[in-house]
Amino acid sequence: MNKRAEKICKLVGDVAVSVGCCVGVGFLSGKEAQVFWSSWQNVAVFAVIFAAVTFAVRQQCRRSRSVNVEMLSKSLFSKGAAAMNYAIVFCSFACAVTVLAGVQQAMSVMFFPTPLPVFAFVAAVAAALLARAKMSVTKLLNAVAVILSVALVVLLRAVNDKTANDVSAPAVMPVTYALFCVTMSLGVSARLANECTARENLAVSVVSALLLALLMLFVLPLCRFELPLPALHGLTLPAKIFAAITLLIASVTGLAANAVPVCDALFDIVPDKTLCTMLVFCLSLALSMFGFDFAVRYGYVAVAVVGAILAYCSFRPNARRSDGLDTPQKLK
């Protein structure tokens, strides 16, 4: 394979990770459309903010040679670096809990309710394995998740009645959603951005924003916002099985990305990578039983606040460009 082909494959993999981390149960079920981007105008706002913030954060990672959130925090802050790092770690953990809760709710609605988080357990085990895998495996699974997500949206448009939604979220909500998406994918995006040039980071940011916006526009007409899962209504059993597989794979990629910064932080206390991973997913699984709706409406906003601070500091022209080599690379 020549250098040009290798570069294209690398960029495609980076875009797949950037998009795959954002597309999960909340996205494909229409729950996030219901709360954050219920009109094409809001989708446009999301695309602009997501592209700009993603590029700014990726560039900061590249300039400071940051391959994880701890190094990124140190490059942006001096005295407050530890606080920012733990804030991002907390957000990542909250996102992992939210994803597991979403998997459990979606599967329970489509198939059968269960008092135990059986479906979430399957997602947690798969994500724990992916969190310990090589980056090439992560890129491949994210690419599969994106392809399956596109296929699912096409399928849903074929089997669902088209509905006109007259509910529109305030313009601040797609901004919140964009900041949330950037923050929840930092576990893997920081490392990828560090390996890119400025032009490559720009390309990844813009293409990812456009792909997400297109998917959002295709999801919108499928949504009946009065339902708990607005886009997943009227499915036959074969379609439900395909939807379940897609939702599971799409969720696992996001879960693994969120587990990385949490495991990195926990590694300082428990110096065993396998045990760290087990602890993170066991606790996430337990807390996911509190439910999905509350987390979407309020947890996303909390994560977006941290993302707003991160974005502001990354946009500053005097953001530090330290080499970040004083921090060890932990979980790879």
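Being among the hydrophobic types (A, V, I, L, M, F, W, C) and either surrounded by fewer than 20 Cβ atoms within 10 Å (Cβ to Cβ) or touching a Gly at 6+ places or on another chain (Cβ under 6 Å) (or both) narrows it down to one residue among Ala94, Ala127, Ala106; which is it? Write out each step before concluding.
Details: Ala127 fails: either surrounded by fewer than 20 Cβ atoms within 10 Å (Cβ to Cβ) or touching a Gly at 6+ places or on another chain (Cβ under 6 Å) (or both); Ala106 fails: either surrounded by fewer than 20 Cβ atoms within 10 Å (Cβ to Cβ) or touching a Gly at 6+ places or on another chain (Cβ under 6 Å) (or both).
Criteria check complete, one pass: Ala94.
Scanning the range 6-26 for residues being over 10 Å from the mean Cα position of the chain (by Cα) and not β-branched (Val, Ile, Thr) gives a total of 9.
Per-residue answers, yes or no, for (1) in contact with a strand residue (DSSP E or B) (Cβ under 7 Å, 6 or more places away or on another chain); (2) charged (D, E, K, R); (3) farther than 20 Å from Val296 by Cβ:
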{"site": "Leu155", "(1), (2), (3)": "no, no, yes"}
{"site": "Ala171", "(1), (2), (3)": "no, no, no"}
{"site": "Glu200", "(1), (2), (3)": "no, yes, yes"}
{"site": "Ala203", "(1), (2), (3)": "no, no, yes"}
{"site": "Pro230", "(1), (2), (3)": "no, no, no"}
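Trp37 passes every criterion in (1) assigned to a helix (DSSP H, G or I); (2) out of contact with any Leu (no Cβ under 6 Å at 6 or more places or on another chain); (3) crowded, with 23+ Cβ neighbours inside 10 Å; (4) among the hydrophobic types (A, V, I, L, M, F, W, C) apart from (1).
Which one is modelled with the lowest pLDDT among residues in the range 282-307 that are of a type in the set (Gly, Ala, Ser) and surrounded by fewer than 18 Cβ atoms within 10 Å (Cβ to Cβ)? Please lay out each step first, then the result.
Step one: of the range 282-307, the residues of a type in the set (Gly, Ala, Ser) are 284, 286, 288, 291, 295, 299, 302, 304, 307.
After this cut, where a residue has to be surrounded by fewer than 18 Cβ atoms within 10 Å (Cβ to Cβ) as well, the list is 286, 291, 302.
On the way: Ala286: 83, Gly291: 68, Ala302: 86.
So, considering only residues that are of a type in the set (Gly, Ala, Ser) and surrounded by fewer than 18 Cβ atoms within 10 Å (Cβ to Cβ), the one modelled with the lowest pLDDT is Gly291.
Of everything listed in (1) farther than 29 Å from Phe119 by Cα; (2) touching a Leu at 6+ places or on another chain (Cβ under 8 Å), the single unmet condition for Val159 is (1).
Count of the range 22-43 residues, restricted to those that are among the hydroxyl-bearing types (Ser, Thr, Tyr) and closer than 22 Å to Ala243 by Cα, is 2.
Which ranges mark the helices (runs of 4 or more DSSP H) fully within the range 138-229 that have 1 or more residues being surrounded by fewer than 17 Cβ atoms within 10 Å (Cβ to Cβ) and out of contact with any Cys (no Cβ under 9 Å at 6 or more places or on another chain)? Before you say what the answer is, go through the steps one by one.
Working: elements: 172-184, 186-194, 198-219.
It comes to 172-184, 198-219.
Out of the range 73-107, which residues are assigned to a helix (DSSP H, G or I) and either of a type in the set (Ser, Thr, Tyr) or touching a Cys at 6+ places or on another chain (Cβ under 6 Å) (or both)? Can you show your working first?
Taking the range 73-107 first, the residues assigned to a helix (DSSP H, G or I) are 73-76, 81-107.
Residues satisfying the conditions are Ser73, Ser75, Leu76, Tyr86, Ser92, Thr98.
The values are calculated or read from the model by the stated rules, or taken from the named source; none is laboratory data. Computed from a predicted model, the values in this text were never measured in an experiment. Neighbour counts are summed over all protein chains in view; Cβ atoms, including those assigned to glycine, are modelled from backbone coordinates with ideal geometry.
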